Amino acid sequence: DAGVTQSPTHLIKTRGQQVTLRCSPKSGHDTVSWYQQALGQGPQFIFQYYEEEERQRGNFPDRFSGHQFPNYSSELNVNALLLGDSALYLCASSIRDSIIYGYTFGSGTRLTVV
Amino acid sequence: KQEVTQIPAALSVPEGENLVLNCSFTDSAIYNLQWFRQDPGKGLTSLLLIQSSQREQTSGRLNASLDKSSGRSTLYIAASQPGDSATYLCAVRGSSNTGKLIFGQGTTLQVKP
C-alpha cells in the first residue's frame, strides 16, 4: 500500500521563478495538507484541501496557491520565488473529519531558491 | 494561539539508556497529539498518536503519555539504540482549528554506540 508520494524530491529555482510541487495521498485518504519546513524548524501549515477546495489556510502570502484534483492528488504552486522560500515542503494526507487516524506525511520536496 | 515547545532542543546519550523527550502546549483544547520521527533531510514518520481522551500509547520501545490539563506530553524511549538517532517532533491538532497540526521545533537525539 503506497504511502504519500511527492515529486520532485529536489528542485533548484531562480528568484522570481514559479514552481509546482506534486503530491499523491495515501490510498483511502481524501484530504491533503501542505507544510513548509525551514532548516532547524518545525513544519509550518500552509493550507489544506478536500473536495477540491482550499478549506483552511495558514499565515502564508497569496504567492502560495494550490489545487486538488478529483483523484485527491494535489499541487502546491509558489509564484515569484524568494530566497526565503528555500525549504523542505511536506505533503500530508488524512481522512476528512476523522480524528481517530493521524496524518501521513510524504518524504518531501527540497526546494532551493538561488 | 496554540504554541508547542519541545525541550531539550538536542540530546546526546550512550547506547542502552532510557530517555524522555518533552513536549508542552499552551491550549489544552486539542483533538489529539502525534509524535513523529524525522531523519536528516527526510519526511516525517508517525510514531504514536494519542487522542485527547487517552493517557498513553505504546509501540515497541516507545511510550507516549498525554496530560491534557497540564499541557504536556512525553515520549519515553527504552533501551536506546544508535538507530534511534533522529529528530523527534510533536504536533497537536487543535479542536478549534481541525485542519492543521501545530508542531514544536523538535528534539534532535544522538545515541552514541
Listed residue pairs exceeding 22 Å between alpha carbons, taken from B:1/B:100; B:1/B:68; A:13/B:100; B:42/B:100; B:68/B:100; A:26/B:42: A:13/B:100
Packing-based order for B:16-28, B:101-113, using average beta carbon neighbours within 10 Å, highest first: B:101-113, B:16-28
Among trypsin sites (Lys or Arg not before Pro) in region B:22-113, those in a DSSP loop whose Cβ has at most 12 other Cβ atoms within 10 Å are B:55
Do any GluC sites (Glu not before Pro) in region A:24-65 lie in a loop, going by DSSP, with at most 15 other beta-carbon atoms within 10 Å of their beta carbon, and if so which? A:51, A:52
Each residue of A:31-40 has, on average, a number of other protein chain C-beta atoms within 10 Å of its C-beta equal to 2
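Tally Lys and Arg at +1 and Asp and Glu at -1 over the other residues with C-beta under 11 Å from the C-beta of residue B:23: what net charge comes out?
Around residue B:23, the charge tally is 0.
If you wrap a convex hull around the alpha carbons of region B:72-113, what volume per residue comes out, as a whole number of Å³? It would help to have the intermediate numbers written out before the result.
Working: hull volume 3.5 nm³, N = 42.
Value for region B:72-113: 82 Å³ per residue.
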What trypsin sites (Lys or Arg not before Pro) in region A:1-102 are in a loop by DSSP, with at most 12 other Cβ atoms within 10 Å of the Cβ? A:15
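I want to verify the translational diffusion coefficient of chain B in µm²/s; compute it with Stokes-Einstein, Rh as the Kirkwood radius over Cα pairs, at 4 °C and 1.567 mPa s. Numbers along the way, then the final one.
Working: Rh = 14.0 Å.
Taking Rh from Cα pairs, D becomes 92 µm²/s.
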Neighbour net charge for residue A:108 - beta-carbon separation under 13 angstrom, K R +1, D E -1: +2
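Below 15 angstrom from the Cβ of residue A:68, what's the summed charge of the other residues (Lys, Arg +1; Asp, Glu -1)?
That works out to -1.
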Top of A:65, A:27, A:94 by mean-square fluctuation, Gaussian network on chain A, Cα under 10 Å: A:27
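Please compute the contact order of region B:15-101 in relative form: average sequence separation of alpha-carbon pairs under 8 Å and at least six residues apart, divided by the residue count, as a percent. If you can, show how the numbers build up before the last one.
On the way: 178 pairs, mean separation 34.6, N = 87.
RCO, region B:15-101: 40 percent.
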Hey, could you pull the Cα Rg and Dmax for region A:26-114, both in Å? 12.9, 41
Bin by bin, in steps of 5 Å, what percent of the Cα pairs in the protein assembly as shown do you find, going until the bin that has the longest distance? 1, 7, 15, 19, 19, 17, 12, 7, 3, 1, 0
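Read-outs: derived from the displayed coordinates by stated rules, not from any lab. Everything numeric in this text was worked out from a predicted model, so none of it was measured. All Cβ positions, even for glycine, are placed from backbone atoms using ideal geometry, and neighbour counts span all protein chains on display.
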